[in-house]
Amino acid sequence: MERIREALEDKKNEYGDLKAPSGFEDSIREKLKESRYKSKRFSILRIASILVMIVVISYNSSTLAFYGRTLMGYENVMNDTLMGLSQLGEGQVIDKEVIFPDGVRLRLDMIMLDGNGVVIFYSIYDPTNKVDVENVNISTSIKGLFYNPGYGGHGEYIQDENTQKWVIISSDSPNFFNQKLTIGLNYHNNSTYYYEELSFKLDRSQAVGRTIKFNVNKNIELFGRNILIDKISASSVSTILRGSLQNIGSLAVDIFKGDRVFYDELEMSLFADGVEIDRLGAGISTNLKGTNFSVRFDAIPEDTKEIWVVLNSLNLRKIIDFEEKLELGEVNIFNLDDQELIIEEIKQIDGQTHIIIQTKENIRIPGLSLIIDGKNFNLEDTIRTELFIDSQGELVKRRTLIFNGIGNEYRLRVKELIFESIYEKEVYRKKN
């Protein structure tokens, strides 16, 4: 130990006797000045670079939000057209949410606006996982200034995330003076109802592409009535075919005469260069302009040379008030709004009444009932439906109707008829 102490003392004396060479101090001063200058210059360049990055990130914040988060998880509820637009960064990021009292949240992620409507992307979730979101039912409505469109869409429940993802598309686009839209939210949870609203501003500078509209003005006669195919509106998101089934004058006459008709199940097809375009939905509405329709298809490819439209079918529903006595053991023949209804046979089997009827193949009678000994019985079931050609060469449908009751006196009551027209004809063609 003593030897170690002596060695350390010798080294201390050795270092204490060291002296700096001549001119060493002046050399060090010059190096320090140069070092401070370089450090200062580097700091200024680094700060400038950081400022530029901040400006770039701020300018593209919506784009980064889009790619980073907004449409994640929507892959299974978007069609190929919407998927392609999302990959191009189209749309307006909203990122606003509503929190309901039970902790369930609805977040409006994004919209895509064009001349055919508004596509709305929203999520329903519970970050605490206390609520099973799969069973959550929130109905929505879209509102603006003089704007309350119908809409359609679909959603998906993602079990791993306890989240619903929804995409809905409005039936029409908001007018130019609509600067804000509101989504109404009706949430039913057990016996409690909640209503909330979520509003956002429209940024029309982020509208998706352009919308091309052109007139068709094609008239078709069906059921003795004039049907107008009015115009086609094509955008990056969808293609909409609009028209009129009954103008306001004809509608007023029917109401006055008590001869009101309703149109159901309009089927049309759209082709682009021989390829059928996916049909996304259809709607029929009656207002002060008459009875109008719209059929929505997927977007037409940009390089399309020719399109054409086929009217497949249309159902007409008519309200009638028909009641007549049935003669047991006989064939009964009735005229229902110029349509023949034949009652071939009436049988009583195990406390039920079986009636075998025949009509033209395109006639349905959903509003049919029996009055048995003064008591009304609705249709219980339909069995043994068959088609055959009658003596006039027409296709006829025979079926057996079952009613839960028997008796001695029978009367037939009909409140509604449906006429099905299978048209399957090209009604419009356009070349570029």
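The values are calculated or read from the model by the stated rules, or taken from the named source; none is laboratory data. Bear in mind that the values here come from a model prediction, so they are computed numbers and not experimental data. We place every Cβ from the backbone using ideal geometry, glycine too, and count neighbours over all the protein chains shown.
The residues of segment 349-404 that are farther than 21 Å from residue 322 by Cα and crowded, with 17+ Cβ neighbours inside 10 Å amount to a single one, 396.
Residues that are crowded, with 18+ Cβ neighbours inside 10 Å and not small (Gly, Ala, Ser) were ranked within segment 243-270; the one that is modelled with the lowest pLDDT is 251.
None of 323, 361, 345, 306 is more than 30 Å from residue 119 (Cβ to Cβ), in contact with a strand residue (DSSP E or B) (Cβ under 7 Å, 6 or more places away or on another chain), in contact (Cβ under 8 Å) with a residue 60 or more places away in the chain and of a type in the set (Asp, Glu) except 323. Test residue 130 against the stated conditions and say whether it is without any contact (Cβ under 8 Å) to a residue 60 or more places away in the chain, surrounded by fewer than 17 Cβ atoms within 10 Å (Cβ to Cβ) and basic (Lys, Arg). Yes. The set of residues from segment 205-251 being over 25 Å from the mean Cα position of the chain (by Cα) and among the hydroxyl-bearing types (Ser, Thr, Tyr) comprises just one member, 250.
If you go through segment 288-325 and keep only what is surrounded by fewer than 18 Cβ atoms within 10 Å (Cβ to Cβ), aliphatic (A, V, I, L, M) and in a strand (DSSP E or B), you end up with 310, 319, 320. When 289, 231, 257 are screened for being charged (D, E, K, R) and touching a Phe, Trp or Tyr at 6+ places or on another chain (Cβ under 9 Å), only 231 passes. Here is a list: 202, 185. Which entry is among the hydrophobic types (A, V, I, L, M, F, W, C) and under 17 Å from the mean Cα position of the chain (by Cα)? The conditions single out 185.
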